[in-house]
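Engineer: The following block contains the structure, expressed as structure tokens.
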Amino acid sequence: MAKNIIEKIWESHVVHREEGKPDLLYIDLHLIHEVTSPQAFEGLRLAGRKVRRPDLCFATMDHNVPTKDIYTVNDPIAKKQMSTLEKNCAEFGIQLAGIGHPDQGIVHVIGPELGLTQPGKTIVCGDSHTSTHGAFGALAFGIGTSEVEHVLSTQTLWQNKPKTMEIRVNGKLGFGVTAKDIILAIIAKWGVGLGTGYIIEYTGEAIRNLSMEERMTICNMSIEAGAKAGLISPDEKTVEFLRGRRFAPKEEFDKAAEYWLSLASDPGCTYDKVLEIDASEIEPYVTWGTNPSMGTGISGRVPTVDDYESETDKQALRKALEYMGLEEGQPITSIEIQHVFIGSCTNSRLSDLRTAAQIVKGRKVAPGVRAIVVPGSYSVKKAAEEEGLDKIFIEAGFEWRNSGCSACLGMNEDIIPSGERCASTSNRNFEGRQGAGARTHLVSPAMAAAAAIEGRFVDVRNYLKQEQQA
Amino acid sequence: MEPINIVKSVITPLDRKNVDTDQIISKEFLKRIERTGFGKYLFYHWRYDENGNENPDFVLNKPEYKGSQILVAQDNFGCGSSREHAPWAILDYGFRVIIAPSFADIFHNNCFKNGILPVKLKEEEVDEILAKGLQKPYTVEVNLTEQTVTGEDGAVYHFNIDPYYKEMLLNGWDEIALTFKYEDKIKAYEEKRIVFK
Ligand code: SF4
């Protein structure tokens, strides 16, 4: 019978199945960071338990790390959290890429970079954006700290099988439109609860045409669509991305590649639900509200209360606009910004930085705008510097930082002040996400770069056209 | 984890959709390495103004809901990050039950690991309970064994719950200890697991 990739991976990881219970699933890779792990390790110690498979764990520090001077952690509580991870990894024998380590970076950037992320694996991390790894055809999902503890001690998890959903992105993307715009358009179209209880497979021509880095951007935001996980069937691009990576198979690479490709969804397989969207309809997107579904194309406007039917929705709009300091019906291009953040596990890989650099090259950041670039990992930073991207950004007036989560959630010092507005390439525009009172607009790296130059949102396609004509 | 079966208290009506984990526990409080002590930071930026003064309009600050153990909210409660600090804060504040039409997946899972009962009711039913609770303090009794919510006015609502998680909550089981019973199966799986060199 034709099977989809979700069913194939799930079935091949069932350790135990019993009526009336969730399945006990084996976990192939457990990624760890400093914020969601300390209580799990403490739990192990209190119960006198061991880490069952330290060889299947990999840890890094990303959420708290300073991005200016990486060795100066001013916050003593953050410092303690980081030194706790060091101690825990040493005590339990887990590989750690800590501050200053060449493998350090945002956990979802380094997994693929190191070749730890592979098709067919079950991958977990105490972090909701673990869905990023689904771009490789892995079943990857975020878990809470109690589950982190469970995986540490048993290398398994009890999981109810979610329903499966196909989101088919048909046709070709328009000029200047990116993966970020696809996923923002999907969430705006069907809402932040669209994937609750489901694992999503993204399919269709537009998805097949994306690079691996772009596929990661899509899968990354599956959680913003409420899904447990999001993935894309592996193909030749997946195989080529992994070839030669440090933790990818070596002698048996060809055998592995054959197996990976066999995991792709079979022709004629079915899903519990199918949604379709036409890529050619998608514009560069900007969010105007306080959840990722509150967004529209660059030619659009902030909605009005009359656009909604239910009182709850009207009320939600009023609250969002009050927080965001926007008027009903305001054109998106009239929104002025004071900050630009290019970074986060959604959009901080080399290709993202290249796209942004192409736009800012030879231009200057608008007066009154503070713009920062935070590469996703130490190795992205190094590669970008080898290409001279750092110079392009610095000459344009951007700050060039060290890798980490940074202003995506503002746990370190990179915070957006209250009442100020930020064009951000990250994934969440919740109230207070980038700092108490901070106003976040989610966009692609290209749109963020153009906003930095203009001081307000503009259609990046006009920029790119000029470029082409020049 | 504390077993849970019957919880009776006045409800706290939080009439909002998509309450995300950043609101439940803001990032500045995630640096602690303990599981306890998060209650005072629950909904911090809604509860307090910039100067740390209580916002009298926010439902948690209203005297009539003090001591409540049952939080009632709208759709997609707990969306956003996987931080278990969110249920830790909710539990530490004193809530044992959350009633909503739907919950985000990771948050929902996290509740079961911490002895919090997430009750899914139909949207109309939640609207009704919220309306009553907003009008004047409204007490309900939640009974996990019976899978019912019974209002002080006699209204009865039934809910469904996964039998596995129901058992866990009723008994306060340690899931890891349960899983250790399957050690042989885990070993057997590891022997046949697909690994490429
Ligand atoms: S970059 Fe942002 S979303 Fe990604 S892991 Fe870090 S904090 Fe989470």
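Engineer: Given A:T355, A:G329, A:P303, which one lies farthest toward the positive end of the charge dipole of the range A:249-390, if we put +1 on the Cβ of every Lys and Arg and -1 on the Cβ of every Asp and Glu?
Structural biologist: Going by the Cα projections, it comes out as A:T355.
Engineer: Ranked highest first by average number of other Cβ atoms within 10 Å, how do A:38-45, A:287-294, A:72-79 line up?
Structural biologist: Numbers: A:38-45: 20.1, A:287-294: 24.5, A:72-79: 14.2.
Highest mean packing first, the order is A:287-294, A:38-45, A:72-79.
Engineer: Further, regarding this structure: Please compute the average number of Cβ atoms from other chains found within 10 Å of each residue's Cβ in peptide A:34-42. Can you show the working numbers first?
Structural biologist: Values: counts 3, 9, 6, 1, 5, 8, 2, 1, 3.
Average neighbour count from other chains, rounded to a whole number: 4.
Engineer: Mind jotting down the distance between the C-alpha centroids of the range A:181-228 and the range A:38-99, whole Å?
Structural biologist: One Cα centre to the other: 31 Å.
Engineer: Kindly flag which residue pairs out of A:K21/A:K237; A:K50/B:K185; A:K228/B:K166; A:K172/A:K237 have an alpha-carbon separation exceeding 26 Å in this structure. Mind dumping the intermediate values first?
Structural biologist: Details: A:K21/A:K237 38 Å; A:K50/B:K185 18 Å; A:K228/B:K166 21 Å; A:K172/A:K237 18 Å.
Over 26 Å Cα-Cα: A:K21/A:K237.
Engineer: Could you list which residues have their amide H under 5 Å from that of A:R370, counting only those 5 or more apart in sequence or on another chain, with H placed in the peptide plane?
Structural biologist: Those lying under 5 Å, H to H, from A:R370 are A:H339, A:V340.
Engineer: Relative to the longest principal axis of chain A, what angle (0 to 90°, nearest 10) does the C-alpha long axis of helix A:76-92 take?
Structural biologist: Approximately 30 degrees, to the nearest ten.
Engineer: Evaluate the charge dipole of the range B:84-197 about its Cα centre and quote only its size in Debye, nearest 20, assuming +1 on the Cβ of each Lys and Arg and -1 on the Cβ of each Asp and Glu.
Structural biologist: 500 debye
Engineer: Using modelled backbone amide H atoms (1.01 Å from N, in-plane), which distant-in-sequence or interchain residues come within less than 5 Å of A:A140's amide H?
Structural biologist: A:I123, A:G134, A:G230
Engineer: How would you rank A:53-63, B:62-72, A:370-380, highest first, on the average number of other Cβ atoms within 10 Å across their residues?
Structural biologist: Working: A:53-63: 22.2, B:62-72: 17.8, A:370-380: 25.8.
Listed from highest to lowest mean packing, they are A:370-380, A:53-63, B:62-72.
Engineer: Using a Förster distance of 51 Å, how high is the FRET efficiency between A:S280 and B:T148, based on the Cβ-Cβ distance and rounded to 0.05?
Structural biologist: On the way: r = 51 Å, r/R0 = 1.01.
About 0.50, to the nearest 0.05.
Engineer: In peptide B:19-32, what is the residue-averaged number of other protein chain Cβ atoms found within 10 Å of each Cβ?
Structural biologist: Values: counts 1, 8, 3, 8, 5, 0, 0, 8, 15, 9, 1, 10, 14, 6.
For this peptide, the per-residue mean of nearby foreign Cβ atoms is 6.
Engineer: When Cβ neighbours within 10 Å are restricted to other protein chains, what is their mean count per residue of peptide B:102-112?
Structural biologist: Numbers: counts 4, 2, 8, 14, 11, 2, 2, 10, 5, 1, 3.
Across B:102-112, the average partner-chain Cβ count within 10 Å equals 6.
Engineer: What does the charge dipole of chain A about its Cα centre add up to, to the nearest 20 debye, if the Cβ of each Lys and Arg holds +1 and the Cβ of each Asp and Glu holds -1? Display every interim value, and only then the final one.
Structural biologist: Details: 51 positive and 62 negative charges, 130 e Å.
So the dipole magnitude of chain A works out to roughly 620 debye.
Engineer: Classify the protein assembly as shown as rounded, prolate or oblate from the Cα gyration tensor: take a ≥ b ≥ c as the square roots of its eigenvalues, call it rounded if a/c is under 1.5, otherwise prolate when a/b beats b/c and oblate if not. Intermediate values should be presented prior to the final figure.
Structural biologist: Working: a/c = 1.44, a/b = 1.12, b/c = 1.29.
Taking the square roots of the gyration eigenvalues as a ≥ b ≥ c, the protein assembly as shown is rounded.
Engineer: Given axes a ≥ b ≥ c from the Cα gyration tensor, I'd like to know whether the range B:6-172 is rounded (a/c under 1.5), prolate (a/b larger than b/c) or oblate.
Structural biologist: Values: a/c = 1.75, a/b = 1.19, b/c = 1.47.
Since a/c reaches 1.5 but b/c is at least a/b, the shape of the range B:6-172 is classed as oblate.
Just so you know, all these numbers are worked out from the coordinates, no wet-lab data involved. All values derive from a computational prediction rather than experimental measurement. Quick reminder, even Gly has a Cβ in these numbers, built from the backbone with ideal geometry, and neighbours come from all protein chains shown.
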